[in-house]
1. I'd like to verify a number: residues in the range 77-106 that are touching a residue at least 12 places away in the same chain (Cβ under 8 Å) and either among the hydroxyl-bearing types (Ser, Thr, Tyr) or part of a helix (DSSP H, G or I) (or both), how many?
2. Given 42, 73, 47, which one is over 13 Å from the mean Cα position of the chain (by Cα) and within 23 Å of residue 13 (Cβ to Cβ)?
3. Please go through (1) open to solvent by 40 Å² or more (accessible area, probe 1.4 Å); (2) in contact (Cβ under 8 Å) with a residue 24 or more places away in the chain for residue 31 and return the number of the only condition it doesn't satisfy.
4. Do you know which residues across the range 38-71 are surrounded by 13 or more Cβ atoms within 10 Å (Cβ to Cβ), under 22 Å from residue 16 (Cβ atoms) and of a type outside the set (Asp, Glu)?
5. Restricting the search to the range 72-99, which residues are within 21 Å of residue 25 (Cβ to Cβ) and buried (at least 19 other Cβ atoms within 10 Å of the Cβ)?
6. In the range 1-73, which strands (runs of 3 or more DSSP E) lie fully inside it and hold 3 or more residues that are in contact with a Ser or Thr (Cβ under 9 Å, 6 or more places away or on another chain), modelled with pLDDT of 95 or more and within 18 Å of residue 104 (Cβ to Cβ)?
7. Quick check on this structure: which one of 23, 92 is among the aliphatic types (A, V, I, L, M) and closer than 15 Å to residue 9 by Cα?
Amino acid sequence: MPSIDHLKFSTEWLAPFEVRITVAGSVDATNAADLEEYVLRRGANSRRLTLDLTGVDFLSTAGFSVLCTIGERCVRADVEWTLVANPTVRRVLGICDPHLTLPQAA
């Protein structure tokens, strides 16, 4: 699992066009762009993307902004995507995304 500034990533292809990207660590202003770059590069050829944030122990507003950017890019590329969040991430999403515009797994 590669690590960038206390952030770890892994990629698992579940099917030819279905990818699960797992993130662990703290997402803040120092590494949010790294998260965006990793997800957009590794998920580029997918039609279905699951972004697993259950290992994220801190999500800043910069991290939330990156999730919005990823969402916009997925919509433009016709990629179905889902966030898998833990209570820490859900708390930030609840504050920053009260209308639940980002697709969260149940």
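The values are calculated or read from the model by the stated rules, or taken from the named source; none is laboratory data. Fair warning: this is a prediction, and the values are worked out from it, not measured in the lab. Here the Cβ is made from the backbone with ideal geometry for all residues, glycine too, and neighbour counts use every protein chain on show. Please note that ligands, DNA and RNA were not included when accessible areas were found on the heavy atoms of the full protein model with its side chains. Shrake-Rupley method; radii C 1.70, N 1.55, O 1.52, S 1.80 Å.
1. Qualifying residue count for the region: 8.
2. 47
3. Only one criterion in (1) open to solvent by 40 Å² or more (accessible area, probe 1.4 Å); (2) in contact (Cβ under 8 Å) with a residue 24 or more places away in the chain is unmet by residue 31, namely (1).
4. Residues satisfying the conditions are 38, 39, 40, 42, 43, 46, 47, 48, 49, 50, 51, 70.
5. Those that are within 21 Å of residue 25 (Cβ to Cβ) and buried (at least 19 other Cβ atoms within 10 Å of the Cβ): 81, 83, 85, 89, 92, 93.
6. Result: 18-27, 48-59.
7. 23
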